[in-house]
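As structure tokens, the structure follows; a few thoughts come after it.
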Amino acid sequence: MNAPLIWAGLPILFGVVVWLLKKYPRIQLLAGCGLFVLFALLAIFLPIENPVGTQRAGFIINSSLNILGRQFVLTFAEQPMLMLLFGFSAFWMLGLFSISQARRLVSYGLVILGLLTASLMVQPFLYAALIIEAAVLISVPLLAEPAAHNSRGLVRFIIFLSLAVPFTLLAGWAANLAEANPANGMFQIRAAILLALGFSFMLGVFPLFTWMPMLSEETHPYISGFLLNLLSVVILFLGVRFLNTYGWLRTMAGVPNALQIAGGFMVLSAGLWAGFDRKLIRLPAYLNVFQNGLALVALSLRGASPLILFSALLIPRLIMTGYLCLALSVLERKQVLGKGAFADQPFAAVMVLVSIFSMSGFPLLAGFPSMLLLIERLGQQAPAILLLVALGLIALIGAGIRHMISMVTPAAEPDTQSLFTEPASSVLLNIYFTAGILVCLIIGLFPSRFMLAAEEIVRAFQNWQ
Amino acid sequence: MNLAQVSPLLVVLLMAASLCILMLQNFRLALAALAAQYLLIFLLITSVLPSSLALVKLLVGWMITALLVSEIWLIEKDWENRIALSGNLLRGGVLILLWIVVYLGLPLIQLWIPVNQTVLLGGLILLSGGLIQVGLSNQVLRVSLGLLTLFSGFEIIYAALEPSVLVSGLLVLVNIGIGLTGLFLVIRGKEENEVIQ
């Protein structure tokens, strides 16, 4: 048995098996969620390259797998990262118990997560772009809403992610060449430019993120939210891995500045777009770009552990986006996205607002500790970028206030039909949202525990100084 | 006559095939051009890849074409769109202009991507053809064919840089995926329209 097979091969296989159970939706959902939890637990308790069990009946999980002359490698140090990905997915899948429209996510989610995990394991990792493209293409049936009459966002999603493939593959080739010829600066510049183009398409660097809000509007918020966040996090990890492997790229003059400018403009543009867009359903997409921008800015910083700051930004992001998308799904189902939301669905409406304010670094909420650290470091190292980030944050807070006013305002004409036909908000969902608000407050008030977890997540990237 | 001598002719034929896919309003003829394009790619790529590996690309290309042919009665209406003659001429004009730019910039591009000039030109012609198709159309079918053309161009160039079996295999999967995804989205759109009617 080896690690890539367990955390990449088996999820893909089980994803197909779970998909075959679609005639039995309850069993499908239970099996899928159980598998996500199982893989997350295995990432915690099954150490790679260490003996498991007794000396007689024990076994060792190998870290590598050979396929067509290439290696898939997963080390012990990367297990916390896996735990984050599978744990986040398991947490996301739990919400499916209350959203029947998005239940197809469970089988597709296993396959997509398996492929994305494989993309983090493949060596040389230029092949990761192709595996990500495969995951993108597999996600198309999941994103194609049966009732949607417009698939422009979906088509753009395919185009933009596909355009990233040639650049990333060429960047991998150029990086190998640059490493073989360290004296020739031209090779290094070429690799850096190709890599920047590839990652710009994948991460939605300004102005290449137009497809994200369109996709959010066209598809179920819970599905698009899961996919956008999972893809972004995996691509960010890939970028970190690239920079960790190629030290010359990390230390190259201009790379930190490029990361700061790209990240700063992503934060500013996403904040402004979120502030001016009336449609609440597009918000998860803007928040995704916003958080990607913050992650890039964090990676650009010098000094003590920018990577810990990077992963400290990821944890509240994943938790709060999960709750935000669940709350938006509830509001959309009840047709109260906007006016009248507070009166009709108070728990979901509060959850939406808490998520927005948490991600904009509001004091005492989950996003605050990492945002405070980021702002402090930016103030010391790049005041101009701090200005961009601060403007983005203000715009996002403005968006939160605007949506709050809209939600508190009573609906002009209450939709009596939907009030009678739709079941009342379930107690379970209200408990779930209350727990979410409490988690948000606990992380905000006691950040030391989650900072330790953040440190563990990036343990694999040891070359980073 | 060896392949090196006929390569420039292959490039010209690739230009013709790419232009046909972009401008033809008849889907059957466009598919014939796509099949011819894959044959030309195979001939061009044999100069940098082993014939067996190049043959895989031809077979996959024809497989995708056959897949589209199998549903032709259902999807051909989605190809024959509302584009006026002027719009079509604009696309063709933009593409030819882009090819001129590519041809003029070829020595500079060759500094960055050091492969045989004919192979590079062939790849860039398809890349630019695919890019124009993808960028100037909203139709799923045209976007799919554009992406297939774009990837074909990239495969030609990348095969010359890194002749790896795994990359070729993964690119084959991506090509099939793009073809299937395009077909899926077009057929889904059709079914929705039928439900609405």
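The values are calculated or read from the model by the stated rules, or taken from the named source; none is laboratory data. Note that the structure is predicted; figures quoted are calculated from it, not measured. Note that we place each Cβ from the backbone using ideal geometry, even for glycine, and neighbour counts take in every protein chain shown.
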* Structure fact -> Residues in segment B:55-80 that are modelled with pLDDT of 85 or more and either over 18 Å from the mean Cα position of the chain (by Cα) or basic (Lys, Arg) (or both) total 2
* To do: Identify the single condition in (1) at pLDDT below 90; (2) in contact with a helix residue (DSSP H, G or I) (Cβ under 9 Å, 6 or more places away or on another chain) that residue A:109 does not satisfy, given that it satisfies every other one.
  => (1)
* Would you list the helices (runs of 4 or more DSSP H) that sit entirely within segment A:79-145 and hold 2 or more residues that are more than 13 Å from chain B (Cβ to nearest Cβ) and under 15 Å from the mean Cα position of the chain (by Cα)? => A:79-94, A:105-121
* Of the criteria (1) more than 14 Å from chain A (Cβ to nearest Cβ); (2) among the aliphatic types (A, V, I, L, M); (3) farther than 21 Å from residue B:27 by Cα, which one residue B:161 fails -> (1)
* **Scan of segment A:39-55 for residues that are surrounded by 15 or more Cβ atoms within 10 Å (Cβ to Cβ) and in a helix (DSSP H, G or I), ordered by number** => A:39, A:40, A:42, A:43
* Asked: Would it be correct to say that residue A:316 is within 16 Å of residue A:215 (Cα to Cα), outside any loop (DSSP other than H, G, I, E, B) and either touching a residue at least 12 places away in the same chain (Cβ under 8 Å) or not assigned by TED's automatic domain parsing to the domain that holds residue A:234 (or both)?
  -> no
* **Test set (1) more than 21 Å from the chain's Cα centre (by Cα); (2) more than 14 Å from chain B (Cβ to nearest Cβ); (3) among the polar types (S, T, N, Q) - residue A:181 fails condition number** => (2)
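Let's see how each residue does on (1) at pLDDT 90 or above; (2) farther than 22 Å from residue A:306 by Cβ:
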| site | (1), (2) |
| --- | --- |
| A:390 | yes, no |
| A:393 | yes, no |
| A:398 | yes, yes |
| A:401 | yes, yes |
| A:407 | no, yes |
| A:412 | no, yes |
| A:416 | no, yes |
| A:425 | no, yes |
| A:428 | no, yes |
* Structure fact -> How many residues of segment A:279-336 are among the charged types (D, E, K, R) and under 18 Å from residue A:355 (Cα atoms)? The answer is 4
* **Candidates B:106, B:90, B:166, B:95, filtered to the one that is over 28 Å from residue A:210 (Cα atoms) and away from chain A (no Cβ under 12 Å)** => B:106
* To do: Go through (1) under 18 Å from the mean Cα position of the chain (by Cα); (2) modelled with pLDDT of 85 or more; (3) farther than 26 Å from residue B:45 by Cα and name the single condition residue B:150 misses.
  => (3)
* Only one of these is modelled with pLDDT of 90 or more and surrounded by 15 or more Cβ atoms within 10 Å (Cβ to Cβ): A:20, A:85. Name it. => A:85
* Scan of segment A:364-395 for residues that are of a type outside the set (A, V, I, L, M) and outside any helix (DSSP H, G or I), ordered by number -> A:367
* Which one of A:156, A:152 is closer than 20 Å to residue B:140 by Cα, touching a residue at least 60 places away in the same chain (Cβ under 8 Å), charged (D, E, K, R) and surrounded by fewer than 22 Cβ atoms within 10 Å (Cβ to Cβ)? -> A:152
* To do: Among what's in segment A:370-380 and is over 23 Å from the mean Cα position of the chain (by Cα) and surrounded by fewer than 17 Cβ atoms within 10 Å (Cβ to Cβ), pick the residue that is nearest to residue A:453 (Cα to Cα).
  => A:376
* To do: Hand me the list of helices (runs of 4 or more DSSP H) wholly inside segment B:18-83 holding 3 or more residues that are over 26 Å from residue B:186 (Cα atoms).
  => B:27-45, B:51-70
